[in-house]
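The values are calculated or read from the model by the stated rules, or taken from the named source; none is laboratory data. From a predicted model like this one, the values you see are computed outputs, not experimental measurements. Reconstructed Cβ throughout: ideal geometry from the backbone, glycine too, with neighbour counts over all protein chains shown.
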Amino acid sequence: LEIPTWEEVATTYGAFLYSVAYRLTGNQDDAADLVQEVLLRVRRGLATYQPGSMEGWLSRITTNVFLDDVRRRRRRAVEALPDDPEQGLPASAAADEVLAGQGLSDDVQAALLRLPDEFRAAVVLCDVVGLSYAEIADSLDVPLGTVRSRIHRGRGLLREALR
Amino acid sequence: MTWDDRSPNGHLGDFLSALVDGELTDPIRRAADQHLAGCRACRAELDATARMHQLVAGLPMLAVPAPVWAAMMAPSTSGAPGAPLRRPRPMVWAGAAAAVIGLGLLVASPPSHRVTPPMTHFVQVHTVSQSGDPVTQLAPAAVPAFLRR
């Protein structure tokens with residue numbers, strides 16, 4: 001099986017990648033940044049890509065880049081806390097993002113953004129990407145039970161947010 | 001393992017999501033079905049859990065906005081692999097735009113104006129008021145004497 005070129009990946013899976021990135025970040029700018037970083041890693045990693053589910057591979061990279069960034073931001077926030085308490089507050093830009101448009105999709109997206117990042121990642125990988133719990137556990141490097149718990153608690157929080 | 005190992009109240013808990021997602025093994029799923037048959041609370045939570053799954057799974061695929069698409073495709077035309085791809089933030093764009101505008105003001109040639117003469121009107125005027133050779137008609141009515149032969 002031939003390994004696709006970088007351009008083929010971007011062309012074929014661009015909308016998928018952007019959609020996953022948007023579901024995780026909740027706004028166009030951060031989604032664009034995330035997609036660019038993912039494509040950079042994809043470009044570097046294509047030579048070692050094992051033919052399989054391209055969507056699965058891409059979404060794993062996307063989620064990891066997203067969570068890496070979340071952890072980096074948290075570390076920066078903790079470091080900044082003693083001098084500037086405002087910076088120590090949890091990143092709320094995504095939660096506060098006012099989504100243009102209307103309809104149920106926007107309500108659901110807004111509710112997704114209120115989830116803790118790890119819960120959101122698990123829910124997106126499960127419901128948007130369609131990965132199995134085992135694949136999600138592998139992607140997030142957590143036990144299967146943690147995946148199940150995050151997804152279920154995430155859905156519970158979604159329900160509360162959508163009430 | 002059953003949910004009873006983790007749930008002191010005996011309810012299905014997060015196994016409900018696993019049930020919705022088809023992640024339970026057959027023996028556990030059968031046991032879950034038995035529990036659901038006699039537990040209204042778990043049935044209600046199962047419905048709510050399935051609804052949340054459907055809502056998120058039903059989110060539409062998004063079209064990539066043009067600027068994002070341009071940024072996504074940038075690496076294919078950039079230099080060495082691994083070149084930084086980070087999209088400049090709006091402030092960077094604003095600065096760059098201001099610099100370009102400033103430079104433009106310094107070196108730009110005078111602006112050219114596009115003129116659209118009322119050609120139809122001119123034709124009508126000449127057709128009505130002039131006859132013969134239009135160049136002759138444009139000659140001054142009175143030629144100074146010293147220029148006459």
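Tabulated values for the structure
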{"item": "Residues (within 18 Å of A:Val20 (Cα to Cα) and assigned to a helix (DSSP H, G or I)) located in region A:44-60", "result": "A:Met54, A:Glu55, A:Gly56, A:Trp57, A:Leu58, A:Ser59, A:Arg60"}
{"item": "Residue that is nearest to A:Val124 (Cα to Cα) [pool: residues in region B:48-66 that are at the interface with chain A (Cβ under 7 Å from one of its Cβ atoms) and assigned to a loop (DSSP other than H, G, I, E, B)]", "result": "B:Leu59"}
{"item": "Residue in region A:23-37 that is outside any helix (DSSP H, G or I) and either within 17 Å of A:Ala121 (Cα to Cα) or out of contact with any Lys or Arg (no Cβ under 6 Å at 6 or more places or on another chain) (or both) present", "result": "yes"}
{"item": "Test set (1) free of Cβ contacts under 8 Å to residues at least 24 places away in the same chain; (2) under 14 Å from B:Glu23 (Cα atoms) - A:Glu160 fails condition number", "result": "(2)"}
{"item": "Some residue of region A:85-108 being among the hydroxyl-bearing types (Ser, Thr, Tyr), assigned to a loop (DSSP other than H, G, I, E, B) and at pLDDT 90 or above", "result": "no"}
{"item": "In region B:8-52, the residues that are within 18 Å of A:Gly156 (Cβ to Cβ), exposed (fewer than 12 other Cβ atoms within 10 Å of the Cβ) and among the small types (Gly, Ala, Ser)", "result": "B:Ala41, B:Ala44"}
{"item": "Some residue of region B:78-88 being within 7 Å of another protein chain (Cβ to nearest Cβ), within 30 Å of A:Ala47 (Cβ to Cβ), touching a Leu at 6+ places or on another chain (Cβ under 6 Å) and modelled with pLDDT under 95", "result": "yes"}
{"item": "Residue tally, condition at pLDDT below 80 and exposed (fewer than 13 other Cβ atoms within 10 Å of the Cβ), over region A:40-60", "result": "5"}
{"item": "Top-ranked residue in region A:119-163 [being modelled with pLDDT under 95 and among the acidic types (Asp, Glu); ranked as surrounded by the most Cβ atoms within 10 Å (Cβ to Cβ)]", "result": "A:Glu135"}
{"item": "Residue among B:Trp93, B:Trp69 that is part of a helix (DSSP H, G or I), modelled with pLDDT under 95 and within 21 Å of A:Gly14 (Cβ to Cβ)", "result": "B:Trp69"}
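Results for (1) polar (S, T, N, Q); (2) farther than 17 Å from A:Leu140 by Cα, shown as yes or no for each residue.
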position	(1), (2)
A:Val38	no, no
A:Thr48	yes, yes
A:Phe66	no, no
A:Asp69	no, no
A:Arg73	no, yes
